[in-house]
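Notes follow the structure.
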Amino acid sequence: MSSDKPVRKAVFPVAGLGTRFLPATKAVPKEMLTVVDRPVIQYVVDEAREAGIEHFVFVTGRNKTVIEDHFDLQVELNDTLEKRGKTDEIRQLESLQPKPGQASFTRQQAPLGLGHAVWCARDIIGDEPFALLLPDMIMQSADSCLSSMVELHKKTGGNIVAVEECDPAETHKYGIIDRGEDVGNGFHINDMVEKPPQGTSPSNLYINGRYILQPEIFKLLENQRTGAGGEIQLTDAMLRLAKTEDFFGFHFQGRTFDCGSKEGFIAANVAFALWRPDMADNVRSEIEKLMAEVKPFERRSTERRG
Ligand code: UTP
């Protein structure tokens, strides 16, 4: 049964290996790569904070301690900034940092899949609904995606996934939903399919990396068999949960960037720079110049002639 408890906690699974971004992610977690002037993970934590989340749960792995450091108070840095009279910078850092006791870190000892990473947070979450944000998906919109989902959850309870339209030719790459009747600012989900074979997809609405889930998911994850890629898949457990619990969808209308892919990460940098009033004009004129001048690199032939 769904509980009516409010959504107070959010899980950020950051234990993946980021193989699509090697060699950058050999020693630096992909969640710490910067979009403009802040790490990707900061955007996602800010989105959760804006949605009223009170406790931030990070599922980390080896080589990820820098994420914990990023959300900690850097006493020496603060002292130096204070001595230099840099009060704006101090205020900015303070506003981004979880308050004492608001963040928990737990380790996924081996990257056994997203479902397994979520399961690692079970004791910290306890018996209440929680938000799950995939930290490599960052979003640009007037209202944060998770805020709208939390609003919807106040009306519907149950489980909620955010969805977005994708190119109908690409549905076989994503988790896709079948849309049912409208409710509040969302709708019922009739069915979910993971990577439907081409020509069989019920829609082009894909699950974009934001979820509100009931704690019952943990029991299902506990005995979830490995699925695609030999990993414990969250979607497999969600499909089992959907047999006994309501699932609702929220159609997100902003832009999402997959910062786990190189193209998505570069697009995010451009889009967020163009969004910033302090940099937009300069960045736009730099991009226009580059678009006119830079052609794909071709190595000069080293063959001897004559
Ligand atoms: P991804 O599949 O996008 O991340 O998982 P990845 O495995 O790190 O990336 P590639 O494919 O090798 O480049 C989505 C999110 O789930 C986390 C990842 O850190 C990422 O934020 N994840 C994935 C875990 O925490 N543990 C896992 O075992 C797998």
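Numbers at a glance
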| read-out | value |
| --- | --- |
| Residue match in segment 11-34 (condition: assigned to a strand (DSSP E or B) and surrounded by fewer than 21 Cβ atoms within 10 Å (Cβ to Cβ)) | yes |
| The one condition in (1) crowded, with 20+ Cβ neighbours inside 10 Å; (2) part of a helix (DSSP H, G or I); (3) within 16 Å of the ligand (Cβ to nearest atom) that Y206 fails to fulfil | (2) |
| In segment 22-33, residue nearest to the ligand (Cβ to nearest atom) [restricted to those that are among the aliphatic types (A, V, I, L, M) and farther than 24 Å from Q102 by Cα] | L22 |
| Matching residues in segment 167-185 - criterion: being over 16 Å from G209 (Cα atoms) and in a strand (DSSP E or B) | D178, R179, G180, E181, D182, V183 |
| Members of segment 103-119 that are surrounded by fewer than 16 Cβ atoms within 10 Å (Cβ to Cβ) and either near the ligand (Cβ under 8 Å from one of its atoms) or more than 15 Å from I67 (Cα to Cα) (or both) | Q109, A110 |
| Criterion violated by V75 - all others in (1) more than 27 Å from A273 (Cβ to Cβ); (2) in contact with a helix residue (DSSP H, G or I) (Cβ under 9 Å, 6 or more places away or on another chain); (3) at pLDDT below 90 satisfied | (2) |
| Residue match in segment 122-137 (condition: among the aromatic types (F, W, Y), within 16 Å of the chain's Cα centre (by Cα) and within 20 Å of D236 (Cβ to Cβ)) | yes |
| Checklist (1) in a loop (DSSP other than H, G, I, E, B); (2) surrounded by 10 or more Cβ atoms within 10 Å (Cβ to Cβ); (3) free of Cβ contacts under 8 Å to residues at least 24 places away in the same chain applied to S201, failing item | (3) |
| Any hit, segment 147-166, residues being touching a helix residue (DSSP H, G or I) at 6+ places or on another chain (Cβ under 7 Å), surrounded by fewer than 21 Cβ atoms within 10 Å (Cβ to Cβ) and assigned to a helix (DSSP H, G or I) | yes |
| Qualifying positions in segment 229-263 - within 16 Å of the ligand (Cβ to nearest atom), assigned to a loop (DSSP other than H, G, I, E, B) and either hydrophobic (A, V, I, L, M, F, W, C) or closer than 28 Å to G157 by Cα (or both) | I232, Q233, C259 |
| Unmet requirement for I160, which otherwise passes all of (1) touching a residue at least 60 places away in the same chain (Cβ under 8 Å); (2) within 14 Å of the ligand (Cβ to nearest atom); (3) not aromatic (F, W, Y) | (2) |
| Candidate set: segment 10-26, residues that are at pLDDT 90 or above, under 29 Å from I125 (Cα atoms) and among the hydrophobic types (A, V, I, L, M, F, W, C); chosen: the one farthest from the chain's Cα centre (by Cα) | A15 |
| All positions within segment 259-273 that are closer than 14 Å to P39 by Cα and either crowded, with 18+ Cβ neighbours inside 10 Å or acidic (D, E) (or both) | C259, G260, F265, A268, F272, A273 |
| Residue in segment 284-294 that is of a type in the set (A, V, I, L, M), more than 19 Å from V163 (Cα to Cα) and in contact with a helix residue (DSSP H, G or I) (Cβ under 8 Å, 6 or more places away or on another chain) present | yes |
| Options V40, V57, V36, V7; residue that is more than 20 Å from G101 (Cβ to Cβ) and either more than 10 Å from the ligand (Cβ to nearest atom) or without any contact (Cβ under 8 Å) to a residue 60 or more places away in the chain (or both) | V36 |
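The values are calculated or read from the model by the stated rules, or taken from the named source; none is laboratory data. Owing to the predicted nature of the structure, the values given are computational and were not obtained by experimental measurement. For neighbour counting, all protein chains shown are included, and Cβ atoms are generated from backbone atoms with ideal geometry for every residue, glycine included.
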